[in-house]
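Asks: First the structure, then my questions, so here it is.
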Amino acid sequence: MTAKGKGKALSRRDDIKLIFSCYAPRGKNLSAQGLLDFIQKEQMNSQADMKAVEQIIENYEINKTVKAKKSMTFGGFLRYMESEDCSVNNKDHNKVYHDMDWALCHYFISSSHNTYLIGDQLVGRSHLHAYVSALRRGCRCLEIDCWDGPDQEPVVYHGYTLTSKILFKEVIATIEQHAFEVSSYPVILSLENHCTPLQQEMMAEYLKTILGEKLLDMTINDTFAKELPSPEELKNKILIKNKKIGLLQDTILKKGTNRHGEVGHCIEDDDDEEEAEEETAKCKSPNSRLTGEKKIALAMALSDLVIYTKSIHFVSFKHSIANQKFYENTSLAEAKARKLAMNSGAKFVLHNMKFITRIYPAGSRALSSNYNPQEFWNVGAQMVALNFQSLGEAMDLNRGKFQDNGNCGYILKPHFMRVSEKPFDPNAFQPDFKPTNLLVKVISGYSLPVPRGSKGIDPYVRVEIHGVSADNVKKQTNYVKKNAMNPRWDEIMTFAIQVPDLALVRFIVEDQNAILANEFIAQYTLHLTSMNPGYRWVPLLSKEGISLDPASLFIYVWFS
């Protein structure tokens with residue numbers, strides 16, 4: 001909260017004054033011992049000691065006389081309570097703290113679909129800023145739809161639509177400039193390649209010349225391993241995800257060979273790639289595929305740039321166990337992936353322990369809406385690709401999930417999704433899991449935003465749990481009439497959560513007073529495992545994910 005906001009809050013925070021008075025009797029200042037008691041009992045921090053308390057007083061008390069007595073005024077206590085130290089989100093999770101040395105397939109990877117679009121996929125604009133925006137939000141897998149352009153210059157746009165076109169070379173230059181601004185962990189370029197071999201060679205040339213040392217064009221240490229490298233090993237590298245001719249061993253053996261002009265062919269099934277599903281959903285273009293197999297031509301210069309992310313067709317889990325290589329990955333449309341997740345959840349989890357799976361939205365989503373990503377994270381799918389330009393619940397969940405681990409774009413999957421001691425089925429009861437009981441008391445709100453043109457809001461708070469199907473639940477408070485500045489609810493909600501490691505908690509503030517339907521005011525989403533216990537404030541974000549500071553909720557969190 002800003003200093004100005006804090007100053008205005010002093011006369012309004014009766015909720016925090018009540019807590020203060022419990023540990024500072026008769027309206028006196030709060031002693032160091034009183035603050036220690038509060039932190040240990042209410043904030044449930046048994047590790048806190050007098051040294052830590054004295055540092056808090058030093059940091060947040062501005063009255064020098066009171067500070068010298070190792071005490072705190074209410075103003076100092078309020079500054080502490082509204083600081084990062086008392087946020088609902090564990091501040092230690094704002095930096096990379098996961099083990100980054102596991103194979104790439106053991107991470108959830110922040111992934112974008114049709115990254116080039118800033119609007120819908122029929123008439124929306126393609127823009128370089130869409131790539132900059134995605135990267136700055138921690139996205140690590142970007143999609144590039146490549147088509148033949150004039151003057152042998154490949155272009156990027158949504159084929160067979162009225163979306164505008166941008167040059168492939170400018171896309172690559174933009175990615176090169178911004179790839180590692182937010183995160184040093186690898187960026188994966190998912191190419192949806194419709195170009196002829198001649199323009200594919202141009203693509204390969206641009207990838208090599210523009211990306212330079214950032215491009216991963218050979219295996220780590222020029223050796224052939226038996227599993228994918230880790231995000232740590234791939235730091236500051238850009239990987240190409242595309243079809244590939246032959247085996248990875250062939251690429252290693254032919255390193256340094258001039259492949260200019262060489263073309264290979266591979267079989268592409270009717271439902272093999274994303275564009276097939278999308279084209280089917282369009283107006284039966286004359287360019288749509290015929291049913292059955294089709295050979296596609298691939299420039300060897302581009303094929304050789306595909307190292308650890310070779311795209312292949314998914315047949316079945318049984319087929320993958322017998323045939324799929326560790327460096328091969330599959331893409332599935334949401335409907336097919338959903339069917340597999342519902343009918344073969346445990347097999348899907350086991351598959352994703354070895355291989356990378358990318359899920360993409362249905363081609364019928366003409367307005368670039370999104371599916372619920374949680375159902376695919378529940379089966380361990382790594383690249384759950386969303387339309388980053390589309391606002392709403394799906395992107396709120398994505399933002400909340402990937403703000404963890406320092407917003408680096410990689411989240412280590414839970415142990416039971418990495419090691420197959422016993423198959424995990426997200427659709428089944430988990431007798432071996434210890435459930436978490438969560439209590440949330442929604443106490444109050446502060447400085448909630450009022451929509452333009454509105455005479456006031458009647459706010460209420462909804463708390464949602466997003467996780468395995470058994471854990472999905474929503475509960476809400478009553479509304480408070482015409483109060484955006486300091487609404488008070490004091491309502492308790494309890495949740496029993498079977499699989500806490502997969503659960504996200506979403507706080508939503510809405511206006512009951514809206515004319516047509518309850519109107520979105522603000523939200524905040526985070527991992528259940530990132531929640532701090534005790535009295536905490538919840539920072540609120542806009543639909544666009546922008547901070548609405550000083551707007552916040554004040555809550556109490558308790559786990560058992």
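Asks: Just the accessible area for Tyr157, please: 1.4 Å probe, Å², rounded to the nearest 10?
Replies: Counting only protein heavy atoms, Tyr157 exposes about 30 Å² to solvent.
Asks: Another question, then. Grab the beta carbon distance between Asp222 and Ser369, set R0 = 51 Å, and tell me the FRET efficiency rounded to 0.05.
Replies: That pair, Asp222 with Ser369, gives E of 0.70.
Asks: Still on this model: Heavy atoms only, 1.4 Å probe, whole protein assembly: order Arg259, Arg488 by accessible area, highest first. Provide the component values of the computation, followed by the final result.
Replies: Numbers: Arg259 30, Arg488 100 Å².
Sorted descending by solvent-accessible area, the residues read Arg488, Arg259.
Asks: So what's region 353-426 giving for Cα Rg divided by 2.2 N^0.38 Å, two decimals?
Replies: On the way: Rg = 13.5 Å, N = 74, 2.2 N^0.38 = 11.3 Å.
That ratio works out to 1.19.
Asks: A follow-up question, please. Which value in nm describes the separation of the simple spin-label points at Thr529 and Gln249, placed 7 Å from the Cα toward the beta carbon?
Replies: 3.7
Asks: Also: Hey, if we sort Phe402, Phe559 by accessible area with the 1.4 Å probe, largest down, what's the order?
Replies: On the way: Phe402 5, Phe559 60 Å².
Reading off the accessible areas and sorting them downward yields Phe559, Phe402.
Asks: Each residue of region 254-265 in order: what ³J(HN,Hα) in whole Hz does its phi give by Karplus 6.51 cos²θ - 1.76 cosθ + 1.60, θ = phi - 60°, with x for Gly and Pro?
Replies: Ordered by residue, 3J(HN,Hα) equals 9, 4, x, 7, 6, 9, 4, x, 7, 10, x, 10 Hz.
Asks: Mind ranking 67-76, 247-256, 549-558 by how tightly packed they are, going by the mean number of other C-beta atoms within 10 angstrom, highest first?
Replies: On the way: 67-76: 18.5, 247-256: 13.4, 549-558: 20.4.
Final packing ranking: 549-558, 67-76, 247-256.
Asks: Here is a follow-up. What does the extension gain come out to for Lys474 and Lys422, with contour length at 0.36 nm per residue minus their alpha carbon separation? Show your work: numbers first, answer last.
Replies: Values: separation 52, 0.36 × 52 = 18.72 nm, distance 3.03 nm.
That works out to 15.7 nm of additional length.
Asks: Another question, if that's okay. From the phi of every residue in region 159-169, what ³J(HN,Hα) in whole Hz does the Karplus formula 6.51 cos²θ - 1.76 cosθ + 1.60 yield, where θ is phi - 60° and glycine or proline is x?
Replies: x, 6, 10, 9, 5, 6, 10, 10, 6, 4, 5
Asks: Still on this structure: Can you give the extra length, in nm with one decimal, that the chain gains between Ser454 and His129 once fully stretched, where that is 0.36 nm per residue apart less the Cα-Cα distance? Please list the in-between numbers first.
Replies: Numbers: separation 325, 0.36 × 325 = 117.00 nm, distance 3.24 nm.
Stretched fully, the Ser454-His129 segment lengthens by 113.8 nm.
Asks: Follow-up question, since we're still on this one. So what's the angle, to the nearest 10 degrees on a 0 to 90 scale, between helix 197-211 and the longest Cα principal axis of the chain?
Replies: 40
Asks: How big is the shadow of the Cα convex hull of region 299-413, averaged over all directions, in nm²? Walk me through the numbers on the way to the answer.
Replies: On the way: hull surface 34.0 nm².
Answer in nm², one decimal: 8.5.
Asks: Taking a virtual spin label 7 Å from the Cα of Ala173 along the C-beta vector, which residues in region 210-246 bring their backbone nitrogen under 19 Å of it?
Replies: In region 210-246, the label zone of Ala173 (backbone N under 19 Å from the point 7 Å along Cα→Cβ) covers 210-215.
Asks: Further, regarding this structure: Rg and Dmax of region 413-535 over Cα atoms: what are they, in angstrom?
Replies: Reported Rg and Dmax, both Å: 17.4, 58.
Asks: If you don't mind, another one. So, how do all the Cα-to-Cα distances of region 330-373 break down into 10 Å bins, in percent, from 0 on up?
Replies: Going out from 0 Å in 10 Å bins, region 330-373 shows 26, 54, 18, 2 percent.
Asks: Could I ask something else about it? Using θ = phi - 60° and the Karplus curve 6.51 cos²θ - 1.76 cosθ + 1.60, what whole-Hz ³J(HN,Hα) does each residue of region 142-154 get, with Gly and Pro shown as x?
Replies: Rounded to whole hertz, the list is 10, 9, 10, 8, 10, 9, 4, x, x, 6, 6, 10, x.
Asks: What size of dipole, in debye to the nearest 20, comes out for region 116-234 about its Cα centre when the only charges are +1 on Lys and Arg C-beta atoms and -1 on Asp and Glu C-beta atoms? Please list the in-between numbers first.
Replies: Working: 9 positive and 18 negative charges, 82 e Å.
With only Lys, Arg, Asp and Glu charged at Cβ, the dipole is about 400 debye.
Asks: Which order do Asp396, Asp151 take by accessible area at a 1.4 Å probe, largest first?
Replies: Values: Asp396 5, Asp151 145 Å².
So the residues, ranked largest to smallest area, are Asp151, Asp396.
Asks: Still on this structure, please answer the following. Which percent, to the nearest 5, of DSSP beta bridges fully inside the chain are antiparallel? All intermediate terms of the calculation are to be shown ahead of the outcome.
Replies: Details: 61 of 88 bridges.
Of the beta bridges lying entirely in the chain, close to 70 percent run antiparallel.
Asks: Now for a separate question. Scattering from the C-alpha atoms of region 26-92 alone, worked out with Debye: what is log10 I(q)/I(0) at q = 0.16, 0.19, 0.25 1/Å?
Replies: Calculated log10 I(q)/I(0) at the listed q: -0.49, -0.69, -1.18.
Asks: Treat each spin label as a single point 7 Å out from the Cα along the C-beta direction, and report the Lys441 to Lys295 distance in nm.
Replies: 7.3
Asks: Along the Cα→Cβ direction, 7 angstrom out, place labels at Asn258 and Asp501. What is the inter-label distance in nm?
Replies: According to this spin-label approximation, the distance is 5.3 nm.
Asks: Here's another thing I want to ask about it. Rounded to whole Å and sorted largest first, what semi-axes of the equivalent ellipsoid does the C-alpha gyration tensor of the chain yield via the square root of 5 times each eigenvalue?
Replies: Over the Cα atoms of the chain, the ellipsoid semi-axes are 48, 25, 23 Å.
Asks: Please list 334-342, 414-422 highest first by mean number of surrounding beta-carbon atoms within 10 Å per residue.
Replies: Details: 334-342: 18.0, 414-422: 14.1.
Packing order, densest peptide first, comes out as 334-342, 414-422.
Asks: Could you please state, rounded to a whole Å, how far the C-alpha centre of region 494-560 is from the C-alpha centre of region 31-101?
Replies: 22
Asks: Also, I was wondering about something else. Nearest 0.05, what FRET efficiency do Ala335 and Ile267 give at R0 = 41 Å with Cβ-Cβ as r?
Replies: Numbers: r = 23 Å, r/R0 = 0.56.
Calculated transfer efficiency: 0.95.
Asks: Measuring with a 1.4 Å probe in the full set of protein chains, what accessible area per residue, in whole Å², belongs to region 63-155? Can you show the working numbers first?
Replies: On the way: 3450 Å² over 93 residues.
Per-residue accessible area for region 63-155 comes out at 37 Å².
Asks: Still on this model: How long is region 461-501 along each principal axis, judged by its Cα atoms, biggest number first, in Å?
Replies: Ordered largest first, region 461-501 gives principal extents of 37, 15, 14 Å.
Asks: Based on the inverse mean of 1/r over its pairs of different Cα atoms, what is the Kirkwood hydrodynamic radius of region 111-156, in Å?
Replies: Values: mean 1/r = 0.0887 Å⁻¹.
Roughly 11.3 Å, rounded to one decimal.
Asks: Between Rg and the Kirkwood Rh of region 89-194, both from Cα atoms, what is the Rg to Rh ratio?
Replies: 1.04
Asks: Hey, another quick one. Hey, any idea what Rg/Rh is for region 321-476, computing Rh the Kirkwood way over Cα pairs?
Replies: Numbers: Rg = 18.5 Å, Rh = 18.1 Å.
My calculation puts Rg/Rh at 1.02.
Asks: With every protein chain in place, what's the accessible area of His194 (1.4 Å probe, Å², nearest 10)?
Replies: 50
Asks: Scan around Thr196 for amide H atoms under 5 Å from its own, H built in the peptide plane at 1.01 Å from N, and keep only partners 5 or more places away or cross-chain.
Replies: Asp148
Asks: Next question, about the same structure. Roughly how much of Ser316 is accessible, in Å² to the nearest 10, using a 1.4 Å probe?
Replies: Ignoring ligands and nucleic acids, Ser316 comes out at about 40 Å².
Asks: Mind scanning Lys254/Lys325; Lys214/Lys325; Lys235/Lys310; Lys169/Lys214; Lys243/Lys325; Lys413/Lys434 and naming the pairs with a C-alpha gap bigger than 21 Å? Please list the in-between numbers first.
Replies: Values: Lys254/Lys325 19 Å; Lys214/Lys325 25 Å; Lys235/Lys310 19 Å; Lys169/Lys214 15 Å; Lys243/Lys325 13 Å; Lys413/Lys434 18 Å.
Long pairs (Cα-Cα over 21 Å): Lys214/Lys325.
The values are calculated or read from the model by the stated rules, or taken from the named source; none is laboratory data. Given the structure is predicted, the values throughout are model-derived calculations rather than measurements. We place every Cβ from the backbone using ideal geometry, glycine too, and count neighbours over all the protein chains shown. Heavy atoms of the whole protein, side chains included, go into the accessibility calculation; ligands, DNA and RNA do not. Shrake-Rupley method; radii C 1.70, N 1.55, O 1.52, S 1.80 Å.
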